Amino acid sequence: MDRLLRITTKVYSSKIMRIIQDTLKMMFPIMLLGSFAEVIKICFLTPTGFMASIFKITDWLPYYRGIAWVMVVTFHCTIDMMALYGAFGMAHFTAKMYGEKTSIAGAVGLMAFLIISFQPTDTGIPNFNSRLMSQGMLFSLFVGYFCGRVTAALVNPKKDELFQMIKPVSVVIVFSAITNVLLGFMGKLDAPTYVASFVTQHTQSNALLYVLGMGVLTNFLSWIAFGGPFVNSPTFNDAPSLANLNAALKAGSSWNVPFKFTDTTLYHSFADFGGTGVILALIIAILIFSKKQNNRSVSKWSIFPAIFNSHYSMMLGIPILFNPIFLIPFIFAPLINMSIAALLLSIRWIPAAAYPVPSGTPGPLIAFIGTNGNWLALILGIILIALDVMIYMPFVKLADRTSEEAGNEDEEI
Amino acid sequence: MKMKKFKKWIWTIIGVVLSFVLIFMSLAWSRENVSDLMKWHNSKMSPVIMIPGSSATVNRFDSLVKKLNNGKKNPHSLLKVKVTNDDKLHFTGQIRQGDNEPIIVVGFENNHDGYSNIKQQARRFNIAFKALSNEYKFNNFKAIGHSNGGLIYTAFLEKYYSQYSSRIEIKKLMTIGSPYNFNEKSVHHKTQMLSDFIDDRKKLPSNLDVYVVAGTETYNSDGLVPLGSVMAGKYIYQGRVKHYTTVSVSGSDAQHSDLPQNNQIIDLINRYILDSEQQNMRNNRNTPNLNRK
């Protein structure tokens, strides 16, 4: 534990880490409100959403289309374009760290990322690649850092010449254009369908290991701000889910489904409470154990989005992204949840989650609805959350100690 | 300090109450949803949905249905749905209780020719299809399109069908004299519609049986539609769907507008599109609620 503390303190005192921290802090308020909009849109105002389904909100709320549209716009321009803000902030704060002309650096970072993400699409009309915009934050941080360094290196802050900006801007344009073309060559790997085909083609134990491995990978990739194989919410359209649903409908219950270990039955049902890495448990752990005011208020604000599985505000606000302290529980809590659930599934204590679940269903209720109201599945969900709070506890306390040792020097933006 | 503790308790109680409300509401929702899905899944109904061609009304298939029902013990009931220009549905006729293979005809007030109209008719067909599937909860159906009706089906399958594909299966599609390339005789001149259809052929369901029927009055036309235009359907369907069969029919009633009354075509529909009655009986005997895939 002490070693982890030392590593963390060391990492946090490095220049690049401070830049990342500043960027995340800049993004936090925007993404927090964005995640509110996301939750309201997807859970409350979309007919297939959780709150909309169970309270029939879209049937009685007047002007719901108008409200939903405002939420769509807000969500689309914040969380759905997260990487854009990352590129701006990273370039801005890098230039601030290494030089002086900072405002132009932010704009250069923005430009670079826009150039890179403008890609040809299937429809034939090129557009900004939505995947890169929403899940390519790690990449955008690199781009922003590069732009910041280039601007800082090529601009002499003592001279107040407008035209010396031409140099960094042209360098960045050339580099972004090349990156754009290189990205265009890289094929798009469609991970969810790939997972689905693996599950159907292999034996149950192989499928189990595979799902566990992919879950770990997803959590790790989220931790470095990069979309993983399971980031998409369950669609129930992939082959194993459909086969499970059909079997369950035929038999009248989901005890004997052909594919017990899939991303739906394990990962989405038991390891995704509050978003990747069982964020809901972290929020509870912080509210109970942490004394650090900043973390407590971030957690309080994040309760609402996290109940409906939107984790962005916690990722940025605590932050969890690139934070060595939280890496271990962030990967292990979901892994333990999945293993326990797999064990209970295989000894037939709980049925598999096979029925459709509306989007944005609160974590512990996913398995409950997915099994059409199996009480043991609900209780298991609650027990797992309690267990995860225990897993997070020592790390929350450790995080409190780090900020004491770092002396709260980087509290202000 | 006391105040703070009090506040904490209030929040905890609110949280617990809200959780219980959510748990019970979602349980109720889930039960209802699953029983709905079960109805769907166990539904025995497998309608034949027909779309007439341009300038034709929902009555276009009346004589076809009459001929199909000729001498059958359990005649197919006929429901007609007309979609008016304000996207509203108007029903005539009804589905007899216990009829597992009714015939539903969907027609349009705007029944004009032309690609833009066909796109609009496909959108309106989707409205009717959604209403029908919600009302009758069938999990599979068979499709017949005469003339432009076949084009509307193709547009529907490529653009709208994917939202249903997980619960409603289209088993068979028969297009009768459908001009996939409008009036062009040769595929060297592809119309915009044909190239759009070919571009989106990936979205066609892969487990579908397709029968493309052409009428031939002369060696290369049914009097209205060139044979080459009907046969261009292979560039859309062949190799993409499970089976693709073309049939050309000649003799009496092989003129384009007579095709729906053509006895050979009625024979083909009986043989390839409708479920055979024997099969129905056998399935009914084995299990009461069998999912007929």
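The values are calculated or read from the model by the stated rules, or taken from the named source; none is laboratory data. Given the structure is predicted, the values throughout are model-derived calculations rather than measurements. Cβ placement follows ideal geometry from the backbone for every residue including glycine, while neighbour counts extend to all protein chains displayed.
Listed by first and then second residue, the pairs with beta-carbon distance under 8 Å, at least 6 apart or on different chains, first residue in the range A:239-259 and free of Cβ contacts under 8 Å to residues at least 60 places away in the same chain and more than 9 Å from chain B (Cβ to nearest Cβ), second assigned to a helix (DSSP H, G or I) and of a type in the set (S, T, N, Q), are A:239/A:197; A:239/A:200; A:240/A:200; A:240/A:264; A:243/A:200; A:258/A:244. Taking strands (runs of 3 or more DSSP E) as the structural unit, those lying wholly within the range B:66-146 and holding at least 3 residues that are under 21 Å from residue B:265 (Cα atoms) and of a type outside the set (A, V, I, L, M) correspond to B:140-146. Search the range A:124-179 for residues being modelled with pLDDT of 85 or more and polar (S, T, N, Q), and hand back the single one that is farthest from residue A:221 (Cα to Cα). Across the range A:124-179, the extreme among qualifying residues is A:170. Checking each residue of the range A:270-291 against the condition of being acidic (Asp, Glu), surrounded by 20 or more Cβ atoms within 10 Å (Cβ to Cβ), touching a residue at least 40 places away in the same chain (Cβ under 8 Å) and in a helix (DSSP H, G or I) gives no match. Among the criteria (1) closer than 27 Å to residue A:301 by Cβ; (2) away from chain B (no Cβ under 14 Å); (3) assigned to a helix (DSSP H, G or I), the one residue A:381 does not fulfil is (2). Of the residues making up the range A:1-25, just one is over 29 Å from residue A:391 (Cα atoms) and crowded, with 20+ Cβ neighbours inside 10 Å, namely A:19.
Take residue B:45 and tell me if it is on the phi < 0 side of the Ramachandran plot and either within 11 Å of chain A (Cβ to nearest Cβ) or in a loop (DSSP other than H, G, I, E, B) (or both).
Numbers: on the phi < 0 side of the Ramachandran plot: yes; either within 11 Å of chain A (Cβ to nearest Cβ) or in a loop (DSSP other than H, G, I, E, B) (or both): yes.
Spelling it out, residue B:45 is indeed on the phi < 0 side of the Ramachandran plot and either within 11 Å of chain A (Cβ to nearest Cβ) or in a loop (DSSP other than H, G, I, E, B) (or both).
Every test in (1) modelled with pLDDT of 90 or more; (2) buried (at least 24 other Cβ atoms within 10 Å of the Cβ); (3) of a type in the set (Ser, Thr, Tyr) is passed by residue A:297 save one, and that test is (2).
Anything in the range A:304-317 that is assigned to a helix (DSSP H, G or I), surrounded by 16 or more Cβ atoms within 10 Å (Cβ to Cβ) and out of contact with any Leu (no Cβ under 6 Å at 6 or more places or on another chain)? List them, or say none.
So the first thing to find is which residues in the range A:304-317 are assigned to a helix (DSSP H, G or I), and the list is A:304-307, A:312-317.
From what's left, surrounded by 16 or more Cβ atoms within 10 Å (Cβ to Cβ): A:305-307, A:312-317.
Answer for the range A:304-317, where residues must be assigned to a helix (DSSP H, G or I), surrounded by 16 or more Cβ atoms within 10 Å (Cβ to Cβ) and out of contact with any Leu (no Cβ under 6 Å at 6 or more places or on another chain): A:305, A:307, A:312, A:314, A:317.
Looking at the range A:350-363, can you tell me whether even one residue there is within 14 Å of chain B (Cβ to nearest Cβ), within 24 Å of residue A:298 (Cβ to Cβ) and part of a helix (DSSP H, G or I)? Yes, the range A:350-363 contains a residue that is within 14 Å of chain B (Cβ to nearest Cβ), within 24 Å of residue A:298 (Cβ to Cβ) and part of a helix (DSSP H, G or I). As a summary of the residue check, residue B:4 satisfies the conditions (1) within 14 Å of chain A (Cβ to nearest Cβ); (2) part of a strand (DSSP E or B); (3) of a type outside the set (S, T, N, Q) except for the one numbered (2). For the range B:165-196, a residue qualifies if it is in a loop (DSSP other than H, G, I, E, B), hydroxyl-bearing (Ser, Thr, Tyr) and surrounded by fewer than 18 Cβ atoms within 10 Å (Cβ to Cβ), and the qualifying residues are B:165, B:166, B:186. Count of the range A:158-179 residues, restricted to those that are of a type in the set (D, E, K, R) and within 15 Å of residue A:99 (Cα to Cα), is 3. If residue A:47 satisfies every condition in (1) part of a helix (DSSP H, G or I); (2) of a type outside the set (Phe, Trp, Tyr); (3) over 17 Å from residue A:319 (Cβ atoms); (4) touching a Ser or Thr at 6+ places or on another chain (Cβ under 7 Å) but one, which is the exception? Status for residue A:47: all satisfied but (1).
Would you call residue A:163 aromatic (Phe, Trp, Tyr) and under 25 Å from residue A:225 (Cβ atoms)?
On the way: aromatic (Phe, Trp, Tyr): yes; under 25 Å from residue A:225 (Cβ atoms): no.
No: the conditions fail for residue A:163.
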